[in-house]
Amino acid sequence: MEFQAPVLAPAAAEITLLTLTCVVLLVDAFLSQARRDVTYLLTLLTIVSTAFVVAFMTGEGAQVTFSGHFVNDPMARVLKLVVLATTGMVFLYSRDYLARENIYRGEFFVLALFATLGMMVMISAHSLLSVYLGLELLSLSLYALVAFNRDSGNAAEAAMKYFVLGAIASGCLLYGMSLLYGAAGTLDLAELSARIADGATLSDLWVLVGLAFLLVGIAFKFGAVPFHMWLPDVYQGTPTPVTLFVGSAPKVAAFAMAIRLLVDGLGSIGEAWQSMLIVLAVASMAVGNIVAIAQTNIKRMLAYSTISHVGFILMGILSGSEDGYRAAMYYTIAYVIMATAAFGMVILLSRRGFEAENLDDFKGLNRRSPWFAGMMLIVMFSMAGVPPFLGFYAKIAVIAAAVDANLTWLAILAVVLSVIGAFYYLRVVKLMYFDDPADEPALEGSSVVKLALSFNGLLILALGLFPNGLIAVCQHVFG
Amino acid sequence: MFEQILFYAISAVLLVAAVGVITARNPVHGVLFLVLAFFNSAVLWLLLEAEFLAIVLVLVYVGAVMVLFLFVVMMLDINVEKMRAGFTRYAPLGILVVAIMALELGQVIWLRASGRNLSIVGSQQPDGYNNTKELGRVLYTDYVFAFELAAVILLVAIVAAITLTMRRRPGLKQQDITQQVSVKREDRVRLVKMDAEKDA
């Protein structure tokens, strides 16, 4: 009956974030609309302090606490920093847009902070239960954020679709977890892996069925084909800052969830999920790259581009080696940086009452602002995988991992599909540089958005020119 | 022996009630059948010496959730005929689900037949064993992390619900009592001086 209080130090970052979020929630309730900036600044302060705690105050190595529900290892620390940095960027991009569209409300920041907490819990999960609870925390916040602009019919429709499909996916995930728990008798991921390896489970069939359901949940959260239906509608229907948020940081959490569940929890039946992931990866790359060509709305186009990138991330994971996980992690981080810049660009081009969401709105951008046309050029080239930008090294790493895993046909298919995909990225470049603009208003965005976007674009270039830093970080995590 | 008879009797009522939920023509009857099913599962839990879960099931599901269901069902005025129209369309999916569940049921029976020890439920607990206390012990020790997270999720649900419902709709007409009370005669009544109507 003796109970030892859990060591709280490894979870210091989560505790900090939760406490400060509650402070933001309380302070915001007493602020008038004119002083909403206080909430905004407090939110940024929360992000910075949490990142500080993650970086300097949570110790070294891997520590498991809370009776095996929580782990703090190098992967958790790196991914949490990525999530926090991305969320911070999202806030910087969003403020002016929200104020302009009269949806500058404290709940946006509070819900996004809770979503961040959910992502951090997922990243640090060490049991099936924590994965699920973190995911629910993230999803619930995201559903509310998508429906955030109550006066928009599109947003309501997107939120409805997201909520219903997301609930089904959560149900599948939970069902899979219950089957695994029933078969192995443990929630702890490390213990689960050990018991499956020892053959100490009730039945292999149950484990496999459970795995299949888990994969449905993971694929849905990633937006992998055939569980991608929600992505384009949600991206298109929501206010752009929310799209930016939904499209960036949660992919890191989804990656962490996949690694925790598949590698940490079910690593001993790697060949079983490898073949399932191949199907998901090929379908995602094919559907994403080909359907994106037909899109005229840039948010939808980026949604399909996301689907194709998810295919690449899954390709890294399914290689089943440390190299593969490292490549997938590198790709995930690269994708998040690129997606943040791309949606930031859409925010920058929008004006009051005008959403720059059609491809035609990018026509002749070079004449309106050569600098930001250059930034968009960097983002598009990087997404297409043109050297010397970040996306190129990410694609190389993943494809190399697939070749090492004797999946050369898959690697070749990936290259072919990404060449097809290059078409729609280059079309944006063509529109910017070789077409005439419909009208030529100057860019309206505030200096914060412009600075953030310039930093984001230059980061893609810098990490492309000097790829070793990020590669070393990923190497520190795996291997 | 008495326990076994009780188990079979309660289980039989439970099954009948569960079938009733999906066959009842009137949705209100369906909900009431569901209440009956919950009561019987609560008794099954009592037989397993899980008193706390049994009482929580009655209090939370029957007391709160099902009453809410009943309200919703009564208010929605569902057209039963329309709801049943899709039966043949969804039949293949339903059959698939039934087949999967039958397969799983078969697995359980097969595992039991093959002599593996499937479960510990049903074994006698020692004297002085307190189900409620045991649940509370693991909930606040081993699962305290999950418990706290669940609390945060509830907080998010509250914040989200308030965000999505508390708002001023554009074009909504509402009364402002202060303005109504402090209104002056001049704001409402305008006396117009005009000549008496001319004779035709």
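The values are calculated or read from the model by the stated rules, or taken from the named source; none is laboratory data. Since we're looking at a predicted model, the values are computed, not measured. For neighbour counting, all protein chains shown are included, and Cβ atoms are generated from backbone atoms with ideal geometry for every residue, glycine included.
Observations on the structure shown:
- Residue match in the range A:103-115 (condition: of a type in the set (Asp, Glu), buried (at least 17 other Cβ atoms within 10 Å of the Cβ), at pLDDT 90 or above and within 25 Å of A:Val449 (Cβ to Cβ)): yes
- Qualifying residue in the range A:37-50 (condition: within 30 Å of B:Leu135 (Cα to Cα), under 25 Å from the mean Cα position of the chain (by Cα) and within 14 Å of chain B (Cβ to nearest Cβ)): no
- Residues of the range A:128-137 satisfying the condition of being touching a residue at least 60 places away in the same chain (Cβ under 8 Å) and either at the interface with chain B (Cβ under 9 Å from one of its Cβ atoms) or under 15 Å from B:Leu154 (Cβ atoms) (or both): A:Leu129, A:Ser130, A:Gly134
- Residue match in the range A:254-272 (condition: more than 14 Å from every other protein chain (Cβ to nearest Cβ), closer than 20 Å to A:Lys299 by Cβ and in a helix (DSSP H, G or I)): yes
- Condition met for B:Arg190 (surrounded by fewer than 10 Cβ atoms within 10 Å (Cβ to Cβ) and at pLDDT 80 or above): yes
- Taking the conditions (1) within 13 Å of chain B (Cβ to nearest Cβ); (2) without any contact (Cβ under 8 Å) to a residue 40 or more places away in the chain in turn, A:Phe70 satisfies each one other than (2).
- Members of the range A:18-45 found to be of a type in the set (S, T, N, Q) and either more than 18 Å from A:Gly88 (Cβ to Cβ) or without any contact (Cβ under 8 Å) to a residue 12 or more places away in the chain (or both), listed by number: A:Thr19, A:Ser32, A:Gln33
- Residue, farthest from the other protein chains (Cβ to nearest Cβ), within the range A:163-210, restricted to residues that are acidic (Asp, Glu) and under 24 Å from A:Ser67 (Cα atoms): A:Asp198
- Leading residue by the ranking (surrounded by the most Cβ atoms within 10 Å (Cβ to Cβ)) among those in the range A:408-462 that are among the hydroxyl-bearing types (Ser, Thr, Tyr) and more than 26 Å from A:Val82 (Cβ to Cβ): A:Tyr424
- Test set (1) aliphatic (A, V, I, L, M); (2) surrounded by fewer than 17 Cβ atoms within 10 Å (Cβ to Cβ); (3) under 23 Å from the mean Cα position of the chain (by Cα) - A:Ile378 fails condition number: (2)
- Each residue in the range A:151-185 was checked for being hydroxyl-bearing (Ser, Thr, Tyr), modelled with pLDDT of 90 or more and surrounded by fewer than 20 Cβ atoms within 10 Å (Cβ to Cβ), and 4 of them qualify.
- Against the numbered list (1) surrounded by fewer than 24 Cβ atoms within 10 Å (Cβ to Cβ); (2) free of Cβ contacts under 8 Å to residues at least 60 places away in the same chain, A:Asn358 comes up short only at (2).
- Filter result for A:Ser67 (among the small types (Gly, Ala, Ser), within 18 Å of A:Gly344 (Cα to Cα) and in contact with a Phe, Trp or Tyr (Cβ under 9 Å, 6 or more places away or on another chain)): no
- Some residue of the range B:172-185 being out of contact with any Lys or Arg (no Cβ under 8 Å at 6 or more places or on another chain) and either facing chain A (nearest Cβ under 7 Å) or under 17 Å from A:Tyr132 (Cα atoms) (or both): no
- Counting only helices (runs of 4 or more DSSP H) wholly contained in the range B:1-97, the ones carrying 3 or more residues that are at pLDDT below 85 and not hydrophobic (A, V, I, L, M, F, W, C) occupy B:80-84.
- Residues of the range A:141-154 satisfying the condition of being within 11 Å of chain B (Cβ to nearest Cβ) and either in contact with a Ser or Thr (Cβ under 8 Å, 6 or more places away or on another chain) or touching a residue at least 12 places away in the same chain (Cβ under 8 Å) (or both): A:Ser141, A:Leu142, A:Tyr143, A:Ala144, A:Leu145, A:Val146, A:Ala147, A:Phe148, A:Asn149
- Condition met for A:Val336 (modelled with pLDDT of 90 or more and closer than 28 Å to A:Ala472 by Cβ): yes
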